[in-house]
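To start, the structure itself, in structure tokens.
The values are calculated or read from the model by the stated rules, or taken from the named source; none is laboratory data. Since this is a predicted model, take the numbers as computed values, not measurements. Here the Cβ is made from the backbone with ideal geometry for all residues, glycine too, and neighbour counts use every protein chain on show. We work out accessible area using only protein heavy atoms, side chains counted, and drop any ligands, DNA or RNA first. Shrake-Rupley method; radii C 1.70, N 1.55, O 1.52, S 1.80 Å.
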Amino acid sequence: MTPAQAISALDRHLATGGQDAVLRRWTGTGSARTPIDVPVRIRAQDYRVEELVGGIEQGDTRVVLSPTQIVAAGWPGPPQGWPRPGDAVVIAGRERSIIAAPPQVVDDVVVRIDMVVRG
């Protein structure tokens, strides 16, 4: 499977079985702190008790995200970056902290991001 095929398959899956969310990176400090947001489609699933290992805590959620909306929006602006710890995702109006966000790569192309979110 090529990177383009993998991204396309994930985008189709998220379009039919996902939900809308907002990927957020905060910039600045104090009263000058502002969010850089991009609307995204995600699949969110709470971890099961038997999966609570290696720093995963009860209440954490696994979030699958496509790179499509991130690339299209140029998020978070130059230079483009992928979600990272310290960023947030807003799911159903609730901002949750990104704990981990390792990109999945095929032939040097990011095809999917599997995040752990908390809060």
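May I ask you to give the percent of accessible area on the chain that is carbon plus sulfur, with a probe radius of 1.4 Å?
Working: 3590 of 6640 Å².
Here it works out to 54 percent.
How much accessible area per residue does the range 15-91 have, in Å², with a 1.4 Å probe? Numbers along the way, then the final one.
Values: 4250 Å² over 77 residues.
On a per-residue basis, the range 15-91 sits at 55 Å².
Which whole-number percentage describes the relative contact order of the chain, with Cα contacts under 8 Å and a sequence gap of 6 or more? Don't skip to the answer; put the middle values down first.
Numbers: 228 pairs, mean separation 32.4, N = 119.
That works out to 27 percent.
Running a GNM on the chain with Cα contacts under 10 Å, which residue among Val53, Val90, Val106 ends up with the highest mean-square fluctuation?
Sorting by GNM fluctuation, first place goes to Val53.
Between Glu51 and Ser8, how many nm apart are label points set 7 Å from Cα along the C-beta direction?
For Glu51 paired with Ser8, the spin-label model returns 2.9 nm.
Please work out which option in [x] 24, 15, 15; [y] 21, 20, 13; [z] 36, 17, 8 gives semi-axes √(5λ) of the Cα gyration tensor in Å calculated from these coordinates, and answer with its label.
[y]
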